[in-house]
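Trainee: Before we start, here is the structure in question, set down as C-alpha cells.
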Amino acid sequence: GAWLGLTTRRYQSGEVDYDGHISRRGDTHVRSLLYEAAVVILTRSRADSDLRSWGIKLREKIGFKRSAVAVARKLAVIMHAMLRSGELFNRATAAT
C-alpha cells in the first residue's frame with residue numbers, strides 16, 4: 001500500500017499534527033486502477049465478500065471516496081500477499 005501511495009501522508013511541526021491526504025507515491029496508473037476496482041467492489045459487485053462488507057461499513061462512517069481508497073489499499077495488500085504465497089483469492093477471508 002505504501003509503495004503505491006495509498007497510505008496517509010503525515011505532517012508534523014511543533015504542535016501541529018496533521019494526518020490526512022494519501023501520499024501519492026508510486027505509479028499513478030496502478031493506483032487509479034486499484035481505485036477503480038475498489039469503486040466497482042463497493043457499487044456494482046453483488047458477490048458477498050468480507051472486503052465489500054468492510055468497505056460498506058467504512059463508507060457509512062467516513063464517506064465514499066475515503067472508503068474506496070481504503071478498499072483499494074487493502075486490495076493492493078491482498079494482491080501482494082497472494083503473489084508472495086501463490087494462493088488464490090478467498091472471499092471469506094479477504095478483509096482479515
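Trainee: Tell me, what is the per residue accessible area of region 30-96 in Å², probe radius 1.4 Å? Don't jump to the answer; show the numbers that get you there.
Mentor: Values: 4560 Å² over 67 residues.
Result: 68 Å² of accessible area for each residue.
Trainee: Using only the C-alpha atoms of region 12-80, find the volume of their convex hull and express it per residue in Å³.
Mentor: On the way: hull volume 7.4 nm³, N = 69.
Per-residue hull volume (Cα only) is 107 Å³.
Trainee: Next up: Give the calculated FRET efficiency between residue 88 and residue 43 to the nearest 0.05, with a Förster radius of 30 Å applied to their Cβ-Cβ distance. Mind dumping the intermediate values first?
Mentor: On the way: r = 24 Å, r/R0 = 0.82.
The calculated FRET efficiency here is 0.75.
Trainee: Across region 54-67, in residue order, what do the Karplus-derived ³J(HN,Hα) couplings come to in whole Hz, using 6.51 cos²θ - 1.76 cosθ + 1.60 with θ = phi - 60° and x for Gly and Pro?
Mentor: Each residue of region 54-67 in turn: 5, x, 5, 4, 5, 4, 5, 7, 10, x, 6, 5, 5, 5 Hz.
Trainee: Assuming R0 = 25 Å, can you tell me the calculated FRET efficiency for the pair residue 11 and residue 36, based on Cβ-Cβ distance, to the nearest 0.05?
Mentor: E between residue 11 and residue 36, to the nearest 0.05, is 0.35.
The values are calculated or read from the model by the stated rules, or taken from the named source; none is laboratory data. Since the model is a prediction, treat every value here as computed from it, not as a measurement. Cβ coordinates were reconstructed from backbone atoms using ideal geometry, including for glycine residues, and neighbour counts include every protein chain displayed. Each accessible area value is taken on the protein alone, full model and side chains, heavy atoms only, with ligands, DNA and RNA left out. Shrake-Rupley method; radii C 1.70, N 1.55, O 1.52, S 1.80 Å.
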